[in-house]
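A short write-up of the structure that comes next.
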Amino acid sequence: MLKVQDYRPQPFIDFTQPENVAAYQAALQKVRAELVGKHYPLIINGERVDTEEKLTSVNPCNTCEVIGTTAKATIEDAQRALEGAWEAFETWKTWDMDARARILLKAAAILKRRRLEACALMTLEVGKSYAEADVEVAEAIDFLEYYARSAMKYADFGAAETTWFEGEENGMLYLPLGVGVSISPWNFPCAIFLGMLAAPLVVGNCVIAKPAEDSGMIAGFVVDILLEAGLPAGVLQFLPGIGSEVGEYLTTHPRTRFITFTGSRAVGLHINEVAAKTLKGQKWIKKVVLELGGKDALIVDETADLENAVTAATQSAFGFNGQKCSAMSRLIVVDEVYDAVVNAFVERARALKVGTGEENANVTAVVNEESFEKISQYLALGKNEGEVLLGGEAPGEWGGKKGYYVQPTIIGDVKPEARIAQEEIFGPVVAVLRARDWQDALAIANSTEYGLTGGVCSNDRERLEQARNEFEVGNLYFNRKITGAIVGVQPFGGYNMSGTDSKAGGPDYLANFLQLKAVTERW
Ligand code: NDP
């Protein structure tokens, strides 16, 4: 019997051990030999379908290098995928919950065996360092293992509690919604892509998965594993394509029952708006699950262990170049310790090694030209909104390689209302804000429209308890980094403009993709 209590998160690989570094480098070679240059077609109704046009993945750390290609879905492909998924749903919804869960568990087992290959592919396709790629693949395995086990609590009639009533049998049935579309970002192209489709699938829905344009290879790799694990034809349709074309078509389509989206605030709000419009022939109100951006803050007060705070700030800000929705992009320090904290933070960040993912640099290139241009504009703006204490340039090449390189950047004495303190930059750029005292720091932390992650470094118990209730974020951390949520341990999702707080990797996440039916029989 599958039980969620038996779930344990994957341990991470220790890259201080030379043999693990050597194994990673061997995986990079294997991926170069076997996967680089590969083409992933669409998968519709179990068949591989190619298209005239293609999408190309480029190594962001060396833009001369093409990593591979995927097909590029057309509207007709999306139409066929949607129709095929509804046909597949008729059978898939009748499978026993444990039979569906078993496919996820088998996929987890395959991914465990191919863990380093998946990591190495992401190093090349999106520029992840070894540890960043490894924690992501661990998270992907965790999603499969956790959702497979969590699904069992929705399996039986009567699983949801009802009150006894004389002369009747009453109970509730959890039923899948139907066919949905899952649209994912490039920054966690393995874990989020996989988690967002595995959850609706395991409870009996069919899914059309559209990965981000920049990360189609790792998505194709993961889909192959799910098919190898036994997912029947049509249950998962793989549809790489352009968000504003096939994504828009699917999110607006009257036969789309639900949408699960992780990405930017702008696109998420647009999807929310178009999905709310009822079209001719539409029988339902679409369910929309949104996980959006952040402007995440770490507060350091005068009672904190400053060494620990600086470590937390450095890890939270520059891990994967600040390209995490959970990344610290605001450091809020109370005046009394401002200089000590900021000086130490700048020195720690100055020591970070910039370079390629393959070299396992601490800070690599940002994902694409659009990001590079956007961050460059914020760097220019930052020069007027504060004092550049570190970095401030986007050289566009490093160590003789052309790539989307941005220097780790720290801008001091930024005002809370400044644009670089309010808007998501999504790069290795930190705004440091000076607070008068603890209360001022908390007010500054809550002064954006986002509410994803946040942290407090303090040894004052009353302040921590106040933050527990009043810091407006979905994921709050004390005296540690604010990134790296673990499936089942720290269910993840944000408040306000950061999303619908659906808590991926949490005990109720699967309920987003189910509907309840209360059934009564009079004896
Ligand atoms: P985008 O919003 O640009 O893209 C996300 C996905 O939406 C992509 O697959 C994209 O396709 C697609 N898309 C774009 N336009 C449309 C449209 N009109 N209709 C339907 N789909 C569309 O985000 P990024 O990929 O740049 O990801 C970074 C963002 O994701 C950041 O804001 C980050 O904070 C957020 N994020 C949030 C997380 C959370 O849990 N809250 C976790 C991870 C990231 P295409 O690639 O073709 O443009």
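Read-outs: derived from the displayed coordinates by stated rules, not from any lab. Since the model is a prediction, treat every value here as computed from it, not as a measurement. Virtual Cβ from ideal backbone geometry, glycine too; neighbours counted across all protein chains shown.
The figures follow:
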| item | result |
| --- | --- |
| Bins of 5 Å, starting at 0 and running to the largest distance - Cα pair percent for the stretch 394-463 | 3, 13, 20, 20, 15, 11, 8, 6, 3, 1, 0 |
| Cα-only radius of gyration and Dmax that characterise the chain, units Å | 23.2, 80 |
| GluC sites (Glu not before Pro) restricted to the stretch 149-246 and DSSP loop, no more than 10 other C-beta within 10 Å | Glu161, Glu166 |
| Relative contact order of the stretch 1-141, defined on C-alpha pairs under 8 angstrom at six or more residues apart (%) | 30 |
| Relative intensity, log₁₀ I(q)/I(0), of the stretch 416-514 from a Debye sum that treats every alpha carbon as a point, q = 0.15, 0.17, 0.20 Å⁻¹ | -0.68, -0.86, -1.13 |
| 5 angstrom amide H check on Gly68, placed H, neighbours 5+ away | Gly37, Ser57 |
| Whole-Å semi-axes of the stretch 90-248's equivalent ellipsoid (Cα gyration tensor) | 32, 17, 13 |
| Two-decimal Rg/Rh across the stretch 205-350, once Rg and the Kirkwood Rh are taken from alpha-carbon atoms | 1.15 |
| The chain, dipole about Cα centre (Lys/Arg Cβ +1, Asp/Glu Cβ -1), debye to the nearest 20 | 1040 |
| Value of relative contact order over the chain, rounded to a whole percent, pairs C-alpha under 8 Å and six or more apart | 17 |
| Difference of contour (0.36 nm per residue) and Cα-Cα distance, Arg8 to Glu166 | 52.7 nm |
| For the stretch 190-259: rounded, prolate or oblate by the Cα gyration tensor [a/c cutoff 1.5] | oblate |
| Distance between the stretch 174-202 and the stretch 272-319 - C-alpha centres, whole angstrom | 18 |
| ³J(HN,Hα), Karplus 6.51/-1.76/1.60, whole Hz, each residue of the stretch 114-129, x for Gly, Pro | 9, 3, 6, 5, 4, 4, 4, 4, 5, 4, 7, 7, 10, x, 7, 6 |
| Derived scalar couplings ³J(HN,Hα) [the stretch 369-385; Karplus, 6.51 cos²θ - 1.76 cosθ + 1.60; whole Hz; x for Gly, Pro] | 5, 4, 4, 4, 5, 5, 5, 4, 5, 5, 5, 5, 5, x, 5, 8, 9 |
| Three-way shape label, the stretch 1-143, alpha-carbon gyration tensor, a/c 1.5 | oblate |
